[in-house]
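Q: Dumping the structure here so I can ask a few things about it.
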Amino acid sequence: MVVSTLKIVVCVKTVPSIEEKVELNTEETDIRKENLVFGINEWDSYALEEAVLIKERTGGTVTVVTLGPDETHLERLVRECFARGADEATMVADPALRSADGMATAKILQRVIEDMSPDLVLTGVQSSDDGYGQVGGALAHMLGMPHVSAVTRLDLKDDAVLAEQELEGGLYRVARTKIPSLFAIQTGINTPRYPSLLKIRAAMRREIKKFELAELGISEADIRGWSAGRIRKIFFPKASTELEFIKGTPDEVATRLSEIVARMVL
Amino acid sequence: MSEILVVAEHRKGAIRDVTYEMITKGRELAEQGDLDLCVAVLGDEVGSVADEIAKRAPDKVLLGEHEALREYTHDGYETALASIIRERTPVVTMVGHTAYGTDFAPSLAAGLGLPLVSDCIDLRLEDGVLVATRQFYQGRVNAEIEVDNSRGSIVTVRPTEFPPASPAEPKAKVESVEVSVGPEAVRTEFLEFRELETAGVDISQAAVLVAVGRGIGEEENLSVAQALADLLGGVLGASRPVTDQGWLPKERQVGQTGKTVKPKLYIALGISGAMQHIMGMKSSDLIIAINKDPKAPIFNYAHYGVVADLFDVVPLWTEKLREKKG
Ligand SMILES: Cc1cc2nc3c(=O)[nH]c(=O)nc-3n(C[C@H](O)[C@H](O)[C@H](O)COP(=O)(O)OP(=O)(O)OC[C@H]3O[C@@H](n4cnc5c(N)ncnc54)[C@H](O)[C@@H]3O)c2cc1C
Ligand SMILES: Nc1ncnc2c1ncn2[C@@H]1O[C@H](COP(=O)(O)O)[C@@H](O)[C@H]1O
């Protein structure tokens, strides 16, 4: 079979940037997110770029799909994806998604994606906020597709796909599969392009398909049922007991550091 | 529901450490729940792997052999494990949070309709209820999750988190279990392994490593770290974003998918300390970390920490070392 109009779906997530500002919420079940800056999950920017590269080589369409509790964040994410080369977008914004874990997320993605009958589904290896590393594999099963995770090379030839999976310590495993299939993309596979200002402006006018959970026949109880359990509490990890913070002016710090390593090395 | 099941991980005939680490934690769970600890070994002609694992004294080793399991595929593992899990209904099935484990555990759990908690750093049973600890936000916070495990559960376990089980008596009995994997079941065909081509420095041999992360900002700034490394007789290492962008070759990468290092001195500059990085360097003799973010997880593993802009400190530090050296 020769596929001339490849249908590629990319799952993208918007995640908070967390440098320097992590505080727990009052219930101690999550961090406070009100003042955090959101942007595309690092792994998903590589997945999207890979989809656009495939489209540019073989023809086809790239559809991004995203879920999340905050409509404004999702819309900004989708506009950025348009500017980076996506053709279509579907989003599901609903506050109830706050409590969806990896398995519940995969279930909802399945509802959105199965009607699209994609040839290829790309996800990131993991999301930088939740770090489940499970949505791709679970979704593949739900869509009845084989998958390869942590993909560092993807070659398409008609309906055959050669995928290189990254294992540990500089070892890779090369596997062959057929479309339709799902691949969880690892960073470094390509160089994601920066969207130009012109493209960002053009993306403002593009149409986005929006769903609410109820339209997909999904309730908050479903999400709870699909999730593995409930978060009792969150807390900061303990520092190693040996840790000493060196304080002072840069000059004082530099002096102390040189003393420490002088003993060690010189 | 009377057992804890550990899925052994092995590759090219070698048993991976995470298997023994899971036996340690699995034994604790088994005691808490008054359960048996079983280890499943899948493959083709892997009897010697099963015997080796039996010496670490689980209660039983289940040996599932089939020619379709000669090389790892997610379909092969899922098909074999689904029938074992359906039959034995373990309270908890433990899988390594490794390249293979993260490849098959999610689809296995989805297929069985079982809850999955990934990348666990602690596990315990409270009156039969599984309580799993995992991290969010790349190691910035820990969370305790109460798992709805009434029908069983699957967890993936972070490597290097628990001490490996030592050989002990009595050696476990190895029991063959029937696994049937039809030829049409495996949809991803294994072709070959490939190893990273290396040419230059072997960072795992260096006594001093100055490792740079995304905080170095741009390629040109590497010279700041290089000057420090030169004075200390060390070499530059890197976190993944630095090698992804090609600022340093891949062979300089420290971590799960890079190299595991254990130098006398490890200096982390602008590295946050994601677990995949930590796994590759946490047993270094002396760890010094400089990071702007006082809550960066790297500090949880460091001996000395400096909360500062690395560009304010490193050039001065280098200068003082140069004076010392004369
Ligand atoms: C399957 C898999 C395998 C992986 N394998 C590896 C691996 O082998 N090795 C690895 O490293 N990663 C690996 N990763 C990636 C890992 O998850 C992290 O994304 C990565 O380690 C982050 O690198 P970083 O700390 O340099 O960047 P970031 O997490 O972005 O951190 C940058 C840090 O620099 C600090 N900073 C910024 N500017 C300055 C400044 N001027 N002065 C001081 N501090 C500053 C910031 O506060 C921040 O803490 C893997 C991921 C996956 C999913
Ligand atoms: N809310 C979401 N919306 C769309 N895609 C998602 C969402 N959450 C996770 N994904 C996809 O699943 C991948 C793995 O995420 P995770 O399993 O959460 O670590 C991400 O890189 C995304 O491609």
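Please treat every number below as a calculation from the coordinates, not as lab data. Keep in mind that what you see is a predicted model, and the values were worked out from it rather than measured. Cβ placement follows ideal geometry from the backbone for every residue including glycine, while neighbour counts extend to all protein chains displayed.
Q: In deg cm²/dmol and to the nearest 500, what is the mean residue ellipticity at 222 nm of the protein assembly as shown if only DSSP H runs of at least 4 residues count, each as -39500 (n - 2.57), divided by the residue total?
A: Result for the protein assembly as shown, helices only: -8500 deg cm²/dmol.
Q: Which helices pass in chain B if a helix is a full DSSP H run, must span at least 18 angstrom along its long axis by Cα, and must have mean Kyte-Doolittle hydropathy not below -1.0?
A: What comes out of the filter, once short or polar helices are dropped, is B:17-33, B:74-88, B:99-112, B:310-325.
Q: Consider a paramagnetic label point 7 Å from the Cα of B:Asp17 along Cα→Cβ; state which residues of segment B:247-271 have an amide N under 18 Å from it.
A: Within reach of a label on B:Asp17, which here means backbone N under 18 Å from a point 7 Å along Cα→Cβ, segment B:247-271 contributes B:253-266.
Q: Turning to a different aspect of this structure: Which is the longest stretch in chain B that no exposed loop site breaks, taking sites as GluC sites (Glu not before Pro) with a DSSP loop state and at most 13 other Cβ atoms within 10 Å?
A: B:46-177
Q: Mind giving me the FRET efficiency for A:Ser117 and A:Ser196? R0 is 45 Å, r the Cβ-Cβ distance, nearest 0.05 is fine.
A: 0.90
Q: Defining a contact as two alpha carbons under 8 Å apart and six or more residues distant in sequence, what relative contact order in percent does chain B show?
A: 15 percent
Q: How much net charge surrounds B:Thr188 when only the other residues with a Cβ under 13 Å from the Cβ of B:Thr188 are counted, with Lys and Arg +1 and Asp and Glu -1?
A: Residues near B:Thr188 contribute -3 overall.
Q: Report the relative contact order of chain A, percent, no decimals, based on alpha-carbon pairs under 8 angstrom and at least 6 residues apart.
A: After rounding, I find 23 percent.
Q: Now a separate question. Measuring from label point to label point, each 7 Å out along Cα→Cβ, what is the B:Asp34 to A:Glu28 span in nm?
A: According to this spin-label approximation, the distance is 3.2 nm.
Q: Leaving out same-chain residues fewer than 8 places away, which lysines sit with a Cα under 17 Å from that of B:Lys292?
A: Excluding near neighbours in sequence, the set is A:Lys21, A:Lys247.
Q: Moving to a separate point now. For a label point 7 angstrom out from the Cα of A:Phe245 toward its Cβ, which stretches of segment A:7-28 have the backbone nitrogen within less than 15 Å?
A: A:20-23
Q: Apply 1/(1 + (r/R0)^6) to the Cβ-Cβ distance of B:Ser166 and B:Glu195, taking R0 = 25 Å, and write down the FRET efficiency to the nearest 0.05.
A: After rounding to 0.05, the efficiency reads 0.25.
Q: Among the aspartates and glutamates, which have Cα under 20 Å from the Cα of B:Lys320 when same-chain residues fewer than 8 positions away are ignored?
A: Those aspartates and glutamates meeting the cut-off are A:Asp251, A:Glu252, A:Glu259, B:Asp230, B:Asp309, B:Asp312.
Q: For A:Ser219 and A:Glu56 in one chain, what is 0.36 nm times their gap in residues minus the Cα-Cα distance, to one decimal in nm?
A: Gain on extension, A:Ser219 to A:Glu56, equals 54.8 nm.
Q: Something else about it: How much length is gained on full extension from B:Glu67 to B:Asp285, taking 0.36 nm per residue of separation minus their Cα-Cα distance?
A: 74.0 nm is the gain from fully extending B:Glu67 to B:Asp285.
Q: While we're here: Any chance you could run the full-extension gain for A:Glu207 through A:Val37? It's 0.36 nm times the residue separation minus the Cα-Cα distance, nm to one decimal.
A: The span from A:Glu207 to A:Val37 would gain 58.8 nm if fully extended.
Q: Something else now. Hand me the GluC sites (Glu not before Pro) from segment A:1-70 located in a DSSP loop with no more than 14 other Cβ atoms within 10 Å, in residue order please.
A: Passing sites in segment A:1-70 are A:Glu20, A:Glu23, A:Glu27, A:Glu28, A:Glu34.
Q: In chain A, with Lys and Arg counted as +1 and Asp and Glu as -1 at Cβ, which of these residues, A:His147, A:His73, A:Gln126, has the Cα nearest the positive end of the dipole, that is, farthest along it?
A: A:His147
Q: How high is the relative contact order of segment A:129-196, given as a whole-number percent (alpha carbon pairs under 8 Å, six or more residues apart)?
A: In percent, rounded to a whole number, it is 31.
Q: Tell me, what is the FRET efficiency for A:Arg153 and A:Ala262 to the nearest 0.05, using R0 = 56 angstrom and their Cβ-Cβ distance as r?
A: 0.75
Q: State to the nearest 20 debye the size of the charge dipole of chain B about its Cα centre, where the only charges are +1 on K and R beta carbons and -1 on D and E beta carbons.
A: It comes to approximately 1140 debye.
Q: May I ask you to list the lysines whose Cα is less than 27 Å away from that of A:Lys210, ignoring any residue fewer than eight positions away on the same chain?
A: By straight Cα distance, A:Lys210 reaches A:Lys7, A:Lys13, A:Lys33, A:Lys55, A:Lys107, A:Lys199.
Q: Among the listed pairs A:Lys178/B:Lys250; B:Lys55/B:Lys250; B:Lys171/B:Lys264; B:Lys173/B:Lys282, give every one whose C-alpha distance is greater than 32 Å.
A: From the list (A:Lys178/B:Lys250; B:Lys55/B:Lys250; B:Lys171/B:Lys264; B:Lys173/B:Lys282), the Cα-Cα distance tops 32 Å for B:Lys55/B:Lys250; B:Lys171/B:Lys264; B:Lys173/B:Lys282.
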